[in-house]
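What follows is a single structure, written as structure tokens, with notes after it.
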Amino acid sequence: MTDVTIEQLGRAPLHVLELWGDPKAAAKRVAKALGHDLPKVGKAQGNVLRLSPTTWLVEGDVTAPKQTLGDGGALTPSGGGYERVRLSGPAWRSLLMEGGLFDAESPAFGIDSVVTTPIDHIAVTLRVESENACLAYVPASHAVDLLRFWQLSAGGLPR
Amino acid sequence: MNAATINFTFDGKALRARPGQTLAAALLDNGTKLVGRSFKYHRPRGILSAGVEEPNALVTVGTGGRTEPNTRATDLFVYEGLVATSQNRWPSLSSDLGSALQLVAKALPAGFYYKTFFGPPKLWLFYEKFIRRAAGLGPAPTEIDPDRYATRAAFCDVLVVGSGPAGLIAARDAVHAGKKVILVEQDAKLAPSLLRDPHEIESKPGAAWAEDVAAEIRANGGKVLTRTSASGLWDDQFICLSEKLVEPGQVPANGFTQRYWHVRAGEVVLATGVIERPLTFANNDRPGVMLSQAVRTYVNRFGVVPGQRVVVATTGDDAYLTAQALRDAGAEVVAVLDSRAAPAGQDSGFAVFNSAVPVTAKGGKNGVTALVANLGGTERTFACDLIAMSGGFTPLVHLHMQAGGKLDWDEAAQAFVPGASRWNVRTVGLAAEPAPAETVGATGVAKQAFVDFQNDVTVADLDLAWREGYRSVEHLKRYTTLGMATDQGKTGNMAALDRIARREGMTVPEAGLTTFRPPHTPVSMGALAGLATGEHAQPTRRPALYDLHAAKDPIWLNAGYWKRPRAYPVGAETLAQAGLREARAVRSSVGMCDVSTLAKFEVQGPDAVQYLERVCQTSVGKLAVGRGRYTFMAREDSLVFDDGTVWRLEENRFLLTSSTGGASRMATWLSYVRNHLCADLKVSLVCVQEHYAAIAVAGPKSSAVMAKLTGAESPRHMSVVDARIAGIPAWVMAASFSGERAFEVHFDAAHAEAVWNAIEAEGCTPYGLEAMELLRIEKGHMVVGPDIDGRLTAEELGLGKMVNKAGGWIGASTLHRPAFVDPLRKQFVGLEAIDGGSIPEGSMLVRWIGGEAEGHVTGSGLRVLEGGSIAIGHLKGGHKRHGEELYAYSPTRKQKAKVRVTSPHCYDPAGERYRD
């Protein structure tokens, strides 16, 4: 009996959005297409996660933002390379402390926070969905190993 | 005390312990004094201490894979079914044949090995068998540990090491200041010093007070970890903790036996306390000679009185508490030997002898029977069965020192205390302010007066090393083994320093200290490995088609972290047979190979060409949409470090591929170029290595297969088209690594199996890396690693004609360095065997056997259809040496082959087979 549920969600349409030149102008256009602002560094909004100062990860259909990009940026498909895993339950933060070096238990890592951090030597992008759940984007080639690691670790979390 | 209800065994003898007792306490409770044999001389040893500093009572615990050797009986809490075994004895602890070494102890001085075992190294292998049997600690387990070890990160504002009163108060203050706190205690109980010396704090019994404070810390969000030792402290308050979830050898309820913590703390408070020092006198290692505070711990905490007639020998006040505890428990305190002059201790109510020191303990393996003492110049013998000694206290400063701290000398305590800290680390409690004590030096026969009990180092050994010129403490440590191994000099180092200082005529601080290295207390290797054991010792990357391959039961190859099929044997085929069959299928018909692990990068944007022409040594801008080309990349020094293909998918959209093995390096390099060298370019760079699966389809029938699968004419060589295979969108790129007409199909990895199955259904033979090697070596295609090893220029690799003459690529400015025109630089060549036989891979290229190496073989194979050994390699001035005959010679494998230098392209040099 563990306090965390590990749910493999499979792959999803994902694109990396990168803006250049005058990113503010392009960002405005993309935001209009998305219906919300592009999230700030370390944050997510809607189906968009900020990965770096100039890149975002967009989940789902990108037809509308693609049409607005023009020469201000690019969208690159990348969903085939990620397994999505949902960690939920009261101990999901505790589980992320296993084999990691990031403070997943920090209050600053709140809802819609985003971070890419090594867990068991594997670079994983995390998005806090709610106080009860976190979505992990795991490199597909490492997914089997990391799921094993999480499942084993979940059975031995400190009380 | 509770009744003894816990069953355990020691050397097979069934015994019982009371709840909460350590193994040491339980053994004493059962009247067992002889617990182990010493490392070198096999001297009988008992229990010296009551904590992790124990050098004598080392036992092996557990059975099978849970066996743990060298566990301190004083740091092991007894559990039901505990199996403990003594070490370093044969045939039994009581009758140990190794103890005969005591008779020849004079012939085994410090540096014995260095002085004795001269001769050829091979002789060491002979000596080793005897040395290992005669000396050493417990044997390592031979079975696999069935338990798991967790590795965990933690963050806090304040981490407190040690739960004595000073540590508890520091932690409580911190939580009340709103800090996030972790408090760690290596004992199973909080504030063990309050169990040894019960007294009230804040109007509560000490133990209850400690529990209340811990509860207060927890209630305010703090974390309290018992059975947890801080094993190392590094820069920026990074500290590692080793937590025992169950006792050594015990079966864990949830499979986890230990947890290793990586903690990043804002501040570290060290409340580590002190270790009592032994006195140095003859036979001070006999069973029944114990540290004073340890005796008090056994009496007051564990309800065990280790002796009934006791002599207390001390250099300070603390031991009088022991005398009182013994008297309260009903033991007779025969005498207190106080090294200090009168009137020290005279008002204690005991028979105190001032200016008195112990000289020789009498007795044997079953305990002491008497103590000969020097009472201010006259000797007197006291009959006793226990000697409780106190030679002062050594503050535990190891963590402070590991983190780069300085030490100060406390003259009153005759001890090093923490000085300035490099990081936000402070020490509180007794570790900062040890009790006053004096140093009395060694007494009795030096050869029998032990300084380092665990490593059998005596005062005589120190003196010998000093006489032989070992003045530096570091040298002396290594020569004598002082403070080595699991002991780390906890009880012995200060006595040794005192001895050296006296010989040198200097003070202890002038004598210096050895380096404090983590861990101070042993950490299980399993804790460091965590869950990364066995087949999970390193990450395994599985390509999208892994399950499909696995169903074919291939011979796997670990290519870096990737798991890739090397060959798909049919029936009883060997690797070589399967590889050759698969390669021949490609040469004669059509084969298919999973090449998903190739590095792949999408490059988009109006400045994509400009970016790629910085990265690639070939031109890119001239490519029409729908066309691709072979390319290669150089570092700033103009030496080629990777190669691949670049495809123009749209006007401003490219796919760049490069080697599997160099994928991570290439991703870092491209990102560096993008963000630092080309920061102003309007370009997007995304690694899509895992997004796209890729399958190579190769062979004379491949074009027909692709046409059937896509329903369209196959693209011509080095062209790319959009297509659908099994309904899945894909790029079909006409490119060949095998030398045959061939295609690479790239598509969303989520659909990998559907595409593979559709292609295989067209009669394609799956081939693995073994066949790929044969094919590409015959064709003279290079791979990154052996062929492109980062030491040759494009010209030397035979790629000079493809270099973008307009320059602009990284490394262009250094291409014409004078060193590159040296005619003896190595160049890429082909080789063919002249007299049959295979060409040893990795062998040297020499003009005659024994001659100077002029190159080496980077890849060895054979002509796939015709037979005959061929190879590729690097050879000095090789481009102008075609036709020359050499030897490929491997002295390590004792293999050789006579070879002729050729062009690397042994198969279809004109490239006619690429085209339909």
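Look through segment B:224-249, keep the residues that are part of a strand (DSSP E or B) and polar (S, T, N, Q), and return whichever of them is nearest to the other protein chains (Cβ to nearest Cβ). Reasoning before the result, please.
Initially, segment B:224-249 is screened for residues part of a strand (DSSP E or B), giving B:224-225, B:228-234, B:238-244.
Of the ones still in play, those that are also polar (S, T, N, Q) are B:228-229, B:231, B:242.
Numbers: B:Thr228: 11, B:Ser229: 16, B:Ser231: 17, B:Ser242: 14 Å.
Here the residue is B:Thr228.
Suppose the filter is closer than 28 Å to B:Val181 by Cβ and modelled with pLDDT under 95; does A:Gly89 pass it?
Values: closer than 28 Å to B:Val181 by Cβ: yes; modelled with pLDDT under 95: no.
Taking the combined requirement at face value, the residue does not satisfy it.
For every residue, the table says whether it meets (1) modelled with pLDDT of 95 or more; (2) outside any strand (DSSP E or B); (3) surrounded by 23 or more Cβ atoms within 10 Å (Cβ to Cβ).
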{"site": "B:Ala4", "(1), (2), (3)": "no, yes, no"}
{"site": "B:Ala14", "(1), (2), (3)": "yes, no, no"}
{"site": "B:Ala25", "(1), (2), (3)": "yes, yes, yes"}
{"site": "B:Gly31", "(1), (2), (3)": "yes, yes, no"}
{"site": "B:Asn56", "(1), (2), (3)": "yes, yes, yes"}
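For the condition more than 14 Å from every other protein chain (Cβ to nearest Cβ), buried (at least 20 other Cβ atoms within 10 Å of the Cβ) and not in a strand (DSSP E or B), what is the one hit in B:Ala174, B:Ala100?
B:Ala174 is the lone residue from the list that is more than 14 Å from every other protein chain (Cβ to nearest Cβ), buried (at least 20 other Cβ atoms within 10 Å of the Cβ) and not in a strand (DSSP E or B).
Pairs under 8 Å by beta carbon, first residue under 11 Å from B:Asp642 (Cβ atoms) in segment B:658-669, partner modelled with pLDDT under 95 and of a type in the set (Gly, Ala, Ser), six or more apart or different chains?
Final answer for the pair search is B:Thr660/B:Ala559; B:Thr660/B:Gly560; B:Gly661/B:Ala559; B:Gly661/B:Gly560.
Of all the residues that make up segment B:863-880, how many are surrounded by fewer than 22 Cβ atoms within 10 Å (Cβ to Cβ) and more than 10 Å from B:Gln827 (Cα to Cα)?
Qualifying residue count for the region: 6.
This table checks each residue for (1) of a type in the set (Asp, Glu); (2) more than 36 Å from the chain's Cα centre (by Cα); (3) away from every other protein chain (no Cβ under 14 Å).
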{"position": "B:Val620", "(1), (2), (3)": "no, yes, yes"}
{"position": "B:Thr631", "(1), (2), (3)": "no, yes, yes"}
{"position": "B:Ser638", "(1), (2), (3)": "no, yes, yes"}
{"position": "B:Asn652", "(1), (2), (3)": "no, yes, no"}
{"position": "B:Val673", "(1), (2), (3)": "no, no, yes"}
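Quick one: is B:Val603 more than 30 Å from B:His398 (Cα to Cα), buried (at least 19 other Cβ atoms within 10 Å of the Cβ), touching a residue at least 40 places away in the same chain (Cβ under 8 Å) and within 13 Å of chain A (Cβ to nearest Cβ)? Give the derivation first.
On the way: more than 30 Å from B:His398 (Cα to Cα): yes; buried (at least 19 other Cβ atoms within 10 Å of the Cβ): yes; touching a residue at least 40 places away in the same chain (Cβ under 8 Å): yes; within 13 Å of chain A (Cβ to nearest Cβ): yes.
The answer is yes for B:Val603.
Scanning segment A:32-69 for residues that are of a type in the set (S, T, N, Q), more than 13 Å from A:Val16 (Cα to Cα) and surrounded by fewer than 16 Cβ atoms within 10 Å (Cβ to Cβ), which turns out nearest to the chain's Cα centre (by Cα)? Give the steps one after another, and end with the answer.
The initial filter retains those residues of segment A:32-69 that are of a type in the set (S, T, N, Q), namely A:45, A:47, A:52, A:54-55, A:63, A:67-68.
Still in the running and more than 13 Å from A:Val16 (Cα to Cα): A:45, A:63, A:67-68.
Still in the running and surrounded by fewer than 16 Cβ atoms within 10 Å (Cβ to Cβ): A:63, A:67.
Values: A:Thr63: 21, A:Gln67: 24 Å.
Per the stated criteria, the residue is A:Thr63.
Select from segment B:876-899 the residues that are part of a strand (DSSP E or B) and either of a type in the set (Phe, Trp, Tyr) or under 47 Å from the mean Cα position of the chain (by Cα) (or both) and list them in ascending order. Give the steps one after another, and end with the answer.
Let us first name the residues in segment B:876-899 that are part of a strand (DSSP E or B), namely B:876, B:885-890, B:895-899.
Result: B:Lys876, B:Leu886, B:Tyr887, B:Ala888, B:Tyr889, B:Ser890, B:Gln895, B:Lys896, B:Ala897, B:Lys898, B:Val899.
For A:Glu105, only one of the following conditions fails: (1) surrounded by fewer than 20 Cβ atoms within 10 Å (Cβ to Cβ); (2) not assigned by TED's automatic domain parsing to the domain that holds A:Val128. What is its number?
(2)
Show me the strands (runs of 3 or more DSSP E) entirely contained within segment B:291-384 in which 2 or more residues are of a type outside the set (S, T, N, Q), farther than 26 Å from B:Pro44 by Cβ and over 46 Å from the mean Cα position of the chain (by Cα). Walk me through it before giving the result.
On the way: elements: B:309-314, B:332-338, B:352-354, B:356-364, B:367-375, B:378-383.
Per the criteria, B:332-338, B:352-354.
Tell me, which residue of segment A:96-132 that is of a type in the set (A, V, I, L, M, F, W, C) and more than 29 Å from B:Ala527 (Cα to Cα) is nearest to the other protein chains (Cβ to nearest Cβ)?
The qualifying residue nearest to the other protein chains (Cβ to nearest Cβ) is A:Ala108.
Need pairs with beta-carbon distance below 6 Å; first residue within 7 Å of another protein chain (Cβ to nearest Cβ) and within segment B:527-546, second of a type in the set (S, T, N, Q); sequence gap 6+ or separate chains.
Hits for this filter: B:Gly530/B:Thr151; B:Arg541/A:Ser141; B:Arg542/A:Ser141; B:Pro543/B:Ser596; B:Pro543/B:Thr597; B:Ala544/B:Ser596.
When segment B:250-294 is examined, which residues are found to be closer than 19 Å to B:Asp75 by Cα and either within 14 Å of chain A (Cβ to nearest Cβ) or among the β-branched types (Val, Ile, Thr) (or both)?
Residues satisfying the conditions are B:Val251, B:Pro252, B:Thr257, B:Gln258, B:Arg259, B:Tyr260, B:Thr272, B:Val274, B:Ile275, B:Val289.
With the condition being in contact (Cβ under 8 Å) with a residue 60 or more places away in the chain and either of a type outside the set (Phe, Trp, Tyr) or under 27 Å from B:Gly136 (Cα atoms) (or both), I'd like the helices (runs of 4 or more DSSP H) fully within segment B:429-526 carrying at least 3 qualifying residues.
Values: elements: B:459-467, B:473-480, B:493-504, B:508-511.
Output list reads B:459-467, B:493-504.
Would you confirm, using the coordinates I've provided, whether B:Met525 is outside the structural domain of B:Trp261 (by TED's automatic domain parsing) and under 30 Å from B:Phe256 (Cβ atoms)? Reasoning before the result, please.
Values: outside the structural domain of B:Trp261 (by TED's automatic domain parsing): yes; under 30 Å from B:Phe256 (Cβ atoms): yes.
Here the answer is yes, as B:Met525 does meet what is asked.
What about B:Gly221, is it crowded, with 20+ Cβ neighbours inside 10 Å, out of contact with any Cys (no Cβ under 7 Å at 6 or more places or on another chain) and either part of a loop (DSSP other than H, G, I, E, B) or modelled with pLDDT under 95 (or both)?
Numbers: crowded, with 20+ Cβ neighbours inside 10 Å: no; out of contact with any Cys (no Cβ under 7 Å at 6 or more places or on another chain): yes; either part of a loop (DSSP other than H, G, I, E, B) or modelled with pLDDT under 95 (or both): yes.
Judged against the criteria, B:Gly221 is not a match.
Looking only at segment B:786-818, filter to residues that are closer than 20 Å to B:Gly859 by Cα and hydrophobic (A, V, I, L, M, F, W, C); which one of those is nearest to the chain's Cα centre (by Cα)?
From segment B:786-818, those closer than 20 Å to B:Gly859 by Cα are B:786-799; that's our starting set.
Subset that is hydrophobic (A, V, I, L, M, F, W, C): B:788, B:792, B:794, B:797, B:799.
Numbers: B:Ile788: 32, B:Leu792: 35, B:Ala794: 40, B:Leu797: 39, B:Leu799: 43 Å.
For segment B:786-818, the residue satisfying everything is B:Ile788.
The values are calculated or read from the model by the stated rules, or taken from the named source; none is laboratory data. Since we're looking at a predicted model, the values are computed, not measured. All Cβ positions, glycine included, derive from the backbone under ideal geometry; neighbour counts span all protein chains shown.
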